[in-house]
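The values are calculated or read from the model by the stated rules, or taken from the named source; none is laboratory data. Keep in mind that this is a model prediction, so the values were computed, not measured. Positions of Cβ are backbone-derived with ideal geometry, glycine not excepted, and every protein chain shown enters the neighbour counts. Areas reflect the complete protein model, heavy atoms only, side chains present, ligands, DNA and RNA absent. Shrake-Rupley method; radii C 1.70, N 1.55, O 1.52, S 1.80 Å.
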Amino acid sequence: MRLPIYQIDAFTGEVFRGNPAAVVPLESWLPDATLQSIANENNLAETAFFVPEGDGWRLRWFTPMVEVDLCGHATLASAYLIFSRLKPGATSVSFWTKSGLLRVTREGDLLALDFPALRPKRESDESVRKAVESAIGNSAAELWRARDLLALLPSAASVRRLKPNFDAVARLDTFGLIVTAPGDEPGVDFISRFFAPAKGVPEDPATGSAHCMLTPFWAERLGRAQLTGHQVSARGGRLACTDRGDRVTIAGQAVLYLEGTIEV
């Protein structure tokens, strides 16, 4: 069986930046084991698969190791493919997912994700704090939890120079670990990095789902709804974020890197 495959860099306007995602549009679902094997073979943080459903698409995301409930950059990449190749006249697309209905709309040169807000709560367990600080080799000013653990570090410099122990991060009781601090660049409100080694993603370059938590966290702290985040991985990613109560808007650009076919 020959299947189309696209590799798209998300949350960037230029190739070799942002977060690369593989996107495989399907006419009908393949066995889950085959989907997982394709994602493992691609060896990217996420591979997205979608099939037509109603007036939209059913969308699923896989790391090289597991299927996940929510992924921002691969959703952005999937929408980019639909807007650019499958329905070039469309202004919005709808995806049915494990996290409910997700919509993506065109907003100028950006694609805007309508995602659920993940409002964090303070993590009060001192054993968790000690485990996090040991894993990252740095003191956390504050520790918060939603789907992921979020460590607020003392400065942007401490986020940038962080060299975590991935084995120790993988042992934490969390999907992933976010580290964040106030922005240190003009026009950037906060910076972050994201680690999920237990899920096959040691460091993710630009993570939409992490900003479902970062957006309400920083909106409350800074007292305004519209924010710009910079994920300061080696590839980097810029995300325009809006806190809308129980939802967040996360917007960015995307660019096609690769188009081809796979045989399974």
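The requirement of being touching a residue at least 12 places away in the same chain (Cβ under 8 Å) and on the phi > 0 side of the Ramachandran plot is fulfilled somewhere in segment 85-105, by at least one residue.
For segment 205-224, filtering for residues that are touching a His at 6+ places or on another chain (Cβ under 8 Å) and within 18 Å of Ala146 (Cα to Cα) leaves 2.
Among the residues of segment 121-134, which ones are touching a residue at least 24 places away in the same chain (Cβ under 8 Å) and farther than 13 Å from Thr174 by Cα? If the condition is that a residue be touching a residue at least 24 places away in the same chain (Cβ under 8 Å) and farther than 13 Å from Thr174 by Cα, then Lys121, Ser134 are the ones that fit. Restricting attention to segment 163-182, the residues being buried (at least 20 other Cβ atoms within 10 Å of the Cβ) and touching a Ser or Thr at 6+ places or on another chain (Cβ under 9 Å) number 5. Kindly check whether there is at least one residue in segment 43-66 that is among the hydroxyl-bearing types (Ser, Thr, Tyr) and either open to solvent by 10 Å² or more (accessible area, probe 1.4 Å) or more than 17 Å from the chain's Cα centre (by Cα) (or both). No, there is no match, as no residue in segment 43-66 is among the hydroxyl-bearing types (Ser, Thr, Tyr) and either open to solvent by 10 Å² or more (accessible area, probe 1.4 Å) or more than 17 Å from the chain's Cα centre (by Cα) (or both).
With respect to the conditions (1) out of contact with any Cys (no Cβ under 6 Å at 6 or more places or on another chain); (2) closer than 30 Å to Gly108 by Cα; (3) at pLDDT 95 or above; (4) of a type in the set (Asp, Glu), Glu41 falls short on a single one, namely (2).
Within segment 105-125, the set of residues being within 16 Å of Leu239 (Cα to Cα), assigned to a loop (DSSP other than H, G, I, E, B) and modelled with pLDDT of 95 or more comprises just one member, Ala117.
Scanning segment 193-204 turns up no residue that is under 23 Å from Cys71 (Cβ atoms), among the aliphatic types (A, V, I, L, M), touching a Leu at 6+ places or on another chain (Cβ under 7 Å) and open to solvent by less than 20 Å² (accessible area, probe 1.4 Å).
The set of residues in segment 129-139 that are open to solvent by less than 20 Å² (accessible area, probe 1.4 Å) and out of contact with any helix residue (DSSP H, G or I) (no Cβ under 6 Å at 6 or more places or on another chain) comprises Val132, Ile136. The set of residues in segment 72-101 being of a type in the set (A, V, I, L, M), under 22 Å from Met213 (Cα atoms) and either open to solvent by 20 Å² or more (accessible area, probe 1.4 Å) or outside any helix (DSSP H, G or I) (or both) consists of Leu101 alone.
Taken over segment 102-128, the criterion of being open to solvent by 60 Å² or more (accessible area, probe 1.4 Å) and under 25 Å from Ala45 (Cβ atoms) is satisfied by Arg103, Arg106, Glu107, Asp109, Arg119. Among Thr174, Thr215, which is the only one that is at pLDDT 95 or above and touching a Cys at 6+ places or on another chain (Cβ under 8 Å)? Within the list Thr174, Thr215, the selection yields Thr215. Applying a threshold of 7 Å to beta carbon distances and a minimum spacing of six or more residues, or different chains, the list of pairs starting in segment 177-195 at a residue that is under 15 Å from Leu162 (Cα atoms) and charged (D, E, K, R) and ending at one that is open to solvent by less than 10 Å² (accessible area, probe 1.4 Å) and assigned to a strand (DSSP E or B) reads Arg193/Val179; Arg193/Gln231.
Taken over segment 225-252, residues that are surrounded by fewer than 24 Cβ atoms within 10 Å (Cβ to Cβ), in a strand (DSSP E or B) and in contact with a His (Cβ under 8 Å, 6 or more places away or on another chain) amount to 1.
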